[in-house]
Structures are given as structure tokens and as C-alpha cells.
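Peer 1: Sending over a structure as C-alpha cells; questions will come in a sec.
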Amino acid sequence: MWFYESGYFIVRGAQRSFLTITEARLFHLFLQRPNERIFIEELIEHLERFSPCAFTEQNVYVHINRIRKKIEENPKQPRLLLNTRPGYLLSIEERGG
């Protein structure tokens with residue numbers, strides 16, 4: 001899987017999935033801090049830095065759900081973007097090579 005920040009899209013295999021600006025901002029934050037729980041309050045603060053809109057935990061959940069549909073094989077049983085109440089974690093396996 002590859003994330004192209006400049007075009008706001010993810011390439012997974014032969015499939016290209018475009019992210020909204022909000023989804024891209026969230027996903028970029030997760031990529032900056034892989035395998036680290038990011039609390040929901042921090043996600044909300046991060047999004048509000050870029051927008052005059054107020055975000056809620058429910059808003060963030062909706063965006064996380066949409067990201068999962070684009071990156072997970074089975075979004076209902078996520079293996080990459082995990083809920084670690086009260087936050088989320090992007091689980092990335094590092095591969096040597």
C-alpha cells in the first residue's frame with residue numbers, strides 16, 4: 001500500500017482510492033506516528049487546526065470508517081487502523097529488505 005499525499009490517494013495492489021482532505025489529514029497523522037495510539041482528543045485538535053468547523057468524536061469515527069473502507073481488506077474486521085479506546089492506532093509491520 002502506498003499513500004500519495006500530494007494527490008490524496010492510496011494505491012493498494014492495482015486499486016487507487018481517493019481520500020477527502022479530512023481523511024488525508026487524519027491518515028497522514030497516523031503515518032507520522034505508526035504503531036502509536038493517538039487519542040481521540042488529539043485527532044479532533046489536529047483536524048480543527050485546518051478547519052473553522054468543530055469536530056466531534058462521532059465525526060472522527062465516520063472519517064476513520066471511510067478510511068478503513070479504502071485501506072482494509074475487511075473494514076468490519078480491521079487489521080491496520082485499530083480502535084484502541086479512547087483512540088486509534090495505525091498498525092504497520094516493518095519489513096526488512
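The values are calculated or read from the model by the stated rules, or taken from the named source; none is laboratory data. Since the model is a prediction, treat every value here as computed from it, not as a measurement. When we count neighbours, we look across all protein chains shown, and the Cβ atoms used for this are built from the backbone with ideal geometry, even at glycine. To get the accessible areas, we keep the full protein, side chains included, count just its heavy atoms, and leave off ligands, DNA and RNA. Shrake-Rupley method; radii C 1.70, N 1.55, O 1.52, S 1.80 Å.
Peer 1: Just the number please: accessible area per residue for the chain, 1.4 Å probe, all protein chains included, in Å².
Peer 2: Dividing the accessible area of the chain by its residue count gives 67 Å².
Peer 1: For Asn83 and Ser51, compute 0.36 nm times the residue count separating them, minus their Cα-Cα distance, and round to one decimal in nm.
Peer 2: Difference between extended and current length: 9.1 nm.
Peer 1: Another question, if that's okay. For Glu72, list long-range residues whose amide hydrogen, built 1.01 Å from N in the peptide plane, is under 5 Å from its own amide hydrogen.
Peer 2: Those qualifying (amide H under 5 Å, at least 5 residues apart or on another chain) number zero.
Peer 1: At a 1.4 Å probe radius, carbon and sulfur cover how many percent of the accessible area of the chain?
Peer 2: The value for the chain is 48 percent carbon and sulfur by accessible area.
Peer 1: What is the magnitude of the charge dipole of region 1-86 about its Cα centre, with +1 placed on the Cβ of each Lys and Arg, -1 on the Cβ of each Asp and Glu, and no other charges, expressed in debye to the nearest 20?
Peer 2: 400 debye
Peer 1: Something else: Calculate how steeply helix 57-71 sits against the longest principal axis of the alpha-carbon atoms of the chain, using the helix alpha-carbon long axis, and give the answer as 0 to 90 degrees to the nearest 10.
Peer 2: Between the helix axis and the principal axis of the chain, the angle is about 10 degrees.
Peer 1: Using bins 10 angstrom wide from zero, how does P(r) for the chain break down, in % of all Cα pairs?
Peer 2: 15, 52, 29, 4, 0
Peer 1: Using each residue's phi in region 74-81, evaluate 6.51 cos²θ - 1.76 cosθ + 1.60 at θ = phi - 60° and report the 3J(HN,Hα) Karplus result to the nearest Hz, with x for Gly and Pro.
Peer 2: Karplus-based 3J(HN,Hα) across region 74-81 equals 10, x, 7, 10, x, 10, 10, 9 Hz.
Peer 1: Just to confirm the number: angle between the C-alpha axis of helix 21-32 and the first principal axis of the chain, 0 to 90 degrees, nearest 10?
Peer 2: On a 0 to 90 degree scale, this one is about 70.
Peer 1: For the pair Arg12/Asn35, report the inter-label distance in nm, with labels modelled 7 Å from Cα in the Cβ direction.
Peer 2: Each label point is offset 7 Å from its Cα along the Cβ direction, giving 2.1 nm.
Peer 1: Note down the relative contact order for the chain as a percent, whole number, built from C-alpha pairs under 8 angstrom at least six residues apart.
Peer 2: Value for the chain: 27 percent.
Peer 1: A further question on this structure: Given the options Leu90, Ile10, Pro52, identify the residue whose Cα lies farthest towards the positive end of the charge dipole of the chain (+1 on Cβ of Lys, Arg; -1 on Cβ of Asp, Glu).
Peer 2: Towards the positive end, the residue furthest out is Ile10.
Peer 1: Around Tyr8, which amide H atoms from residues at least 5 apart in sequence, or from another chain, sit under 5 Å from its own amide H, with H modelled in the peptide plane?
Peer 2: Hits under the 5 Å cutoff: none.
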